[in-house]
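As structure tokens, the structure follows; a few thoughts come after it.
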Amino acid sequence: MTTKDPRPNTLTGFALHIKGKLSRSSSPKANGNGTDKGKAAQRHEAKRLEKQEKAERQSRDVQRREDKLRHEEELAKEEDDEATYARYGDVAEPSELPSYPKDISTIDQLPTLAVGTDVAFRARIFTQRRLSPKLDFLLFRDQEFSVQGVLANASPHMIRWVQRLHPESLVHVTGCLKTPHQDVRSATVHNLEVEVFSLHVVNEAGHLPWSNYDAPESLHTRMQARVLDIRHPSNIAIFKIRSMIVRQFRRTLEDLDFIEIQTPKLQPAATESGSEVFKVNYFGRTAFLAQSPQLAKQMAISADLRKVFEVGPVFRAENSNTHRHLTEYTGLDVEMEITKDYHEVMMTVDKCLKNIFTAVQSMPELKVVRERFPSEDLVWLEETLVLPFPEGIQMLRDDGRDVAMEDLSTRDEIRLGQLVKAKYKTDYYILDKFPANARPFYTHKAEDPEFTNSYDIFVRGQEICTGGQRIHNAQLLRESMRAARIAEGDMVEYLAAFDLGPAPHGGAGLGLERVVMLLLNLGDVRNATLFHRDPKSLPARPPSLPHPEADTTKHWQYQEAPPIEKLIANYGDASNTSWLDPRFDIWRHPNGAAVGFGTQDDKFAMTIGDPLCDQSQYEEVISAYTKYVEKDLKLTPVWMLVSKEVEEILARNHKWRTLTCVEEQRINADHHKEPSKHDMSRVEREGIDVDEVHLNEDFKKRADKAIEEWKAARKEKGKQVHLTEIRPWVDSEHRRYFSAEKDGKVHALVVLAQLAPRHGWQVKWAMDFPGSPNGTIEVLVEKALSAVTGNVTFGVGVSEKLTPGNQLHGVRAKFLANTYEVIMKSLSLNKKAGFREKFGTFGEQVWICYPRYGVGVQDLKQFVRFFEDQE
């Protein structure tokens, strides 16, 4: 009996057929390298086909489900009358919802309404209990409030449709309030339920990693889907409490005649000693994200604002991965004049905090938070405990801990809090007179210079506030800065404020997230932060493709291959943009990849740039392309202007000769050099408008006229070597245009071409038209570079000398180097480099590769001819 391969006409059958052939190919003849490579290729193909079959099977399953849903919808239209069918469905816009005579309620308002009241409200589906095709119980949630809905008196089609809805879908519900048979313990509204009349989806939720009805405990898991996590009732309550804390802070200070200010977050120097800072590029200069509003607060006091406060972001570049540290948090800052003693500031902050504590303890949201994060009421004294720092150290030493007279560690802080709670019966206290070695340069010394007029405030054994008196004497401040090795040159503006004679003053800073965490006993500061930033935030990810639909790692066998323009934006470098010129032919691989080439003297296939595909596919694509050129076209392949990755494949796997005499001239747009002020002033004086252009026919017409004049002037200079033709309007979807114009005349044009994300942009053309003032093109290029970020290339430029690579050495290499030098001088190939260097370009080697046989040293001249102007 003979058995046949299963499903011979399917991709899986074909893949299994290949596998069978592989398993049978174990004869002694299958030991050569070529055969081994063939077997590897067959295994790869089998695996690829299996993946494709799986993708197609999943696609068929999705299609079947969609067909079933369409069939049920058509059946519902036929069997339900118009009024019944209007009671459920999707709506694209709120205006499409059925009209309702009463105002829309919220779930928290429902207990104020009488049984029998018709209601309408918007909520999310928290969960469902699908008891039967005729009965469905839904739990609707609106922020931290929930109510049960009962769907019974409806058509089977409506009930089935509702039962298919995903949790977290946003729905519009109408119905009537009823008394449930027993209290609904799973809802916040226990004594009412809604008899659902209509239900329409406002926006459906999909792809849920987990359900908020049974949310995970893991912080890491929850933070991976933070928006979904925030919807949980406990988190909604946390952020309502957080909002109230800010309001209470602001209200208390405004009642004390404080002025709210907003300070800049870009600083010329670090403001705190002992903390790392985030450096940012500020137009080619270094600036820092503010570690606190400290400098600006003190300058405001010098400006006689007297008492100020701020609620704003604070940045700390400390690599601390703890439960209480963030790299960005919200600061609650205070600064005020001192009349007699810095304790005036301390007592002001104390009043703010006690008002906050009292308000939080009275909020109903506290009960909701405690259902998930249990905590006890905060205990504090009517007269706040102020503990001198030496006494706190002594308490720790009496407890057997070996601590120095310096800033406390987190463990020591927590232990001291426990000792204070046991001795003084309070969760809240102030530790006063910190040692000088634990405070920044601007802190005022105490009578004993080993200590300072500064303090920390603690809640549940952890610090939430740092404050104290500042140095207000300019001479003393400069001395303190020198001792802290802070250069006066970086603090000129700050010091100028003290030369003007500010009043004695002090202040304090609190971290909002830490206050919330400790008041509510949340365990981790991330639970008190909307979208946290810590040292592990913003992980490096490979850049996403601008056109996911043109991903060559997907399967294209039965679809149209992705357009070249989209492949360039996904994978291309500067050289690939030339493929859009008519003189290039495009070869396509079955996986959608592309290679561009032109024929030279009916002998060479001049291939330019890397293949347009994912780098993992280079070897496969290169092998298939070279085989096509040699076997089908009967030409000798030459591969020019390729990356090191492609050069290594051609040298290692194909034994090609390689050399480099060209380089990609790149620049980081965030750190480019600006044109001279003289050029900028001249362009401004001439009244030339420099800006980005949104294409229209009028501009194209004026630019085309200038381009023709430019081409005519260029011909007078003789032969030109270039890779691409002047066709600026091609593929405008992936271009950005910048012009310098005056009175309707275009004086200069810069065109940026979008490349692969890792390469950024190319200055595709930078044309200075006849009659334009000197410096115009430099100013325009700078305008274009300032409009983008990251990598930019000016394209390929020549190297000063030819460098041999693989398979190239001895007399041949020396001869090529001498020939290259002659050609470079005769054609003045290095002219462009000087212009590009004005902007700070650096060279990245690109390679020329050719087979060991079929290419002579004299053919180098033919390679150059390929780039000369075509008559």
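The values are calculated or read from the model by the stated rules, or taken from the named source; none is laboratory data. Computed from a predicted structure; not experimentally measured. Please note: Cβ atoms are built from the backbone with ideal geometry, for glycine as well, and neighbour counts cover all protein chains shown.
Hey, any hits in the range 248-266 for a residue that's basic (K, R) and part of a helix (DSSP H, G or I)?
Scanning the range 248-266 turns up at least one residue that is basic (K, R) and part of a helix (DSSP H, G or I).
Filter the range 570-590 down to the residues that are in a loop (DSSP other than H, G, I, E, B) and touching a Gly at 6+ places or on another chain (Cβ under 8 Å) and list them by number. Show your work before the answer.
Taking the range 570-590 first, the residues in a loop (DSSP other than H, G, I, E, B) are 572-573, 581-584, 589-590.
Hits for the range 570-590 are G572, D573, R583, F584.
Which ones in the range 465-494 are of a type in the set (V, I, T) and within 19 Å of E276 (Cα to Cα)?
Of everything in the range 465-494, those that are of a type in the set (V, I, T) and within 19 Å of E276 (Cα to Cα) turn out to be T466, I486.
Looking only at the range 121-135, decide whether some residue is farther than 30 Å from L228 by Cα and either modelled with pLDDT of 90 or more or touching a Ser or Thr at 6+ places or on another chain (Cβ under 7 Å) (or both). Lay out the reasoning, then the answer.
So the first thing to find is which residues in the range 121-135 are farther than 30 Å from L228 by Cα, and the list is 134.
Within this subset, residues satisfying the condition of being either modelled with pLDDT of 90 or more or touching a Ser or Thr at 6+ places or on another chain (Cβ under 7 Å) (or both) are none.
No: zero hits.
Can you tell me which residue within the range 715-725, out of those that are surrounded by fewer than 16 Cβ atoms within 10 Å (Cβ to Cβ) and either at pLDDT 70 or above or over 39 Å from the mean Cα position of the chain (by Cα) (or both), is nearest to L749 (Cα to Cα)? Full working, then the answer.
Residues of the range 715-725 surrounded by fewer than 16 Cβ atoms within 10 Å (Cβ to Cβ): 715-720, 722, 725.
Of the ones still in play, those that are also either at pLDDT 70 or above or over 39 Å from the mean Cα position of the chain (by Cα) (or both) are 715-720, 725.
Values: K715: 19, E716: 21, K717: 20, G718: 23, K719: 23, Q720: 20, E725: 15 Å.
Looking at residues that are surrounded by fewer than 16 Cβ atoms within 10 Å (Cβ to Cβ) and either at pLDDT 70 or above or over 39 Å from the mean Cα position of the chain (by Cα) (or both), I get E725.
List the strands (runs of 3 or more DSSP E) inside the range 732-776, counting only whole elements, that have at least 1 residues being modelled with pLDDT under 95 and under 32 Å from the mean Cα position of the chain (by Cα).
761-768
Suppose we keep only residues that are modelled with pLDDT of 90 or more and not in a helix (DSSP H, G or I) within the range 547-559. Which one would you say is farthest from T599 (Cα to Cα)?
Looking at residues that are modelled with pLDDT of 90 or more and not in a helix (DSSP H, G or I), I get H547.
Filter the range 332-377 down to the residues that are without any contact (Cβ under 8 Å) to a residue 24 or more places away in the chain and among the polar types (S, T, N, Q), then identify the one that is farthest from P504 (Cα to Cα).
Residue satisfying both the conditions and the ranking: S362.
Looking at P562 and the list (1) of a type outside the set (D, E); (2) without any contact (Cβ under 8 Å) to a residue 24 or more places away in the chain; (3) within 22 Å of S732 (Cβ to Cβ); (4) part of a loop (DSSP other than H, G, I, E, B), which single condition is not satisfied?
Here P562 clears every test but (2).
Specify the residue that is nearest to the chain's Cα centre (by Cα); the eligible residues are those in the range 300-345 that are hydroxyl-bearing (S, T, Y) and within 20 Å of G523 (Cα to Cα).
T327
Considering only the range 845-853, I want to know if a residue exists there that is under 34 Å from the mean Cα position of the chain (by Cα), at pLDDT 75 or above, more than 21 Å from V646 (Cα to Cα) and buried (at least 18 other Cβ atoms within 10 Å of the Cβ).
no
Could you tell me which of the residues K102, K68 is within 45 Å of the chain's Cα centre (by Cα) and part of a loop (DSSP other than H, G, I, E, B)? Reasoning before the result, please.
Details: K68 fails: part of a loop (DSSP other than H, G, I, E, B).
The unique qualifying residue is K102.
What residue, among those in the range 441-496 that are part of a helix (DSSP H, G or I) and hydroxyl-bearing (S, T, Y), is surrounded by the fewest Cβ atoms within 10 Å (Cβ to Cβ)?
The residue in question is S480.
Would you check which residues across the range 518-548 are surrounded by fewer than 12 Cβ atoms within 10 Å (Cβ to Cβ) and free of Cβ contacts under 8 Å to residues at least 60 places away in the same chain and list them?
L538, P539, A540, R541, P542, P548
Could you please give the count of residues in the range 803-812 that are closer than 17 Å to M640 by Cα and modelled with pLDDT under 80? Spell out the reasoning first.
To start, the set of residues in the range 803-812 that are closer than 17 Å to M640 by Cα comprises 803-808.
With the extra rule that they be modelled with pLDDT under 80, the set shrinks to 807-808.
The qualifying residues number 2.
Counting residues that are surrounded by fewer than 22 Cβ atoms within 10 Å (Cβ to Cβ), which strands (runs of 3 or more DSSP E) fully inside the range 596-680 reach at least 1?
636-642, 657-668
I need the full set of residues from the range 114-128 which are farther than 23 Å from Y85 by Cα and out of contact with any Leu (no Cβ under 8 Å at 6 or more places or on another chain), in order please.
none
Could you tell me whether any residue of the range 251-273 is of a type in the set (K, R), loosely packed, with under 13 Cβ neighbours inside 10 Å, in the same structural domain as E335 (by TED's automatic domain parsing) and within 27 Å of the chain's Cα centre (by Cα)?
No, because not a single residue in the range 251-273 is of a type in the set (K, R), loosely packed, with under 13 Cβ neighbours inside 10 Å, in the same structural domain as E335 (by TED's automatic domain parsing) and within 27 Å of the chain's Cα centre (by Cα).
Could you grab me the full set of residues in the range 360-394 that are among the acidic types (D, E) and either over 26 Å from R222 (Cα atoms) or in contact with a Ser or Thr (Cβ under 6 Å, 6 or more places away or on another chain) (or both)?
D377, E382, E383, E391
Could you check the range 271-292 and list, in sequence order, the residues that are free of Cβ contacts under 8 Å to residues at least 60 places away in the same chain and in contact with a strand residue (DSSP E or B) (Cβ under 6 Å, 6 or more places away or on another chain)?
Passing the criteria: V277, F278, K279, V280, T286, A287, F288, L289, A290.
Might you check whether a residue that is exposed (fewer than 13 other Cβ atoms within 10 Å of the Cβ), within 13 Å of V311 (Cβ to Cβ) and in the same structural domain as K351 (by TED's automatic domain parsing) occurs anywhere in the range 227-242?
Of all residues in the range 227-242, those exposed (fewer than 13 other Cβ atoms within 10 Å of the Cβ) come to 227.
Cutting the leftovers down to within 13 Å of V311 (Cβ to Cβ) gives us none.
No, the range 227-242 has no match at all.
If the Cβ limit is 8 Å and pairs must be 6+ apart or interchain, which residue in the range 206-224 that is free of Cβ contacts under 8 Å to residues at least 60 places away in the same chain pairs with which residue that is in a helix (DSSP H, G or I) and of a type in the set (S, T, N, Q)?
From the range 206-224, the pairs are P209/T221; W210/T221.
Given the options T384, T339, T358, T410, name the one that is β-branched (V, I, T) and buried (at least 17 other Cβ atoms within 10 Å of the Cβ).
So the residue among T384, T339, T358, T410 that is β-branched (V, I, T) and buried (at least 17 other Cβ atoms within 10 Å of the Cβ) is T384.
If we keep just the residues of the range 207-223 that are in a loop (DSSP other than H, G, I, E, B) and loosely packed, with under 13 Cβ neighbours inside 10 Å, which is modelled with the lowest pLDDT?
Checked the range 207-223; the qualifying residue modelled with the lowest pLDDT is H207.
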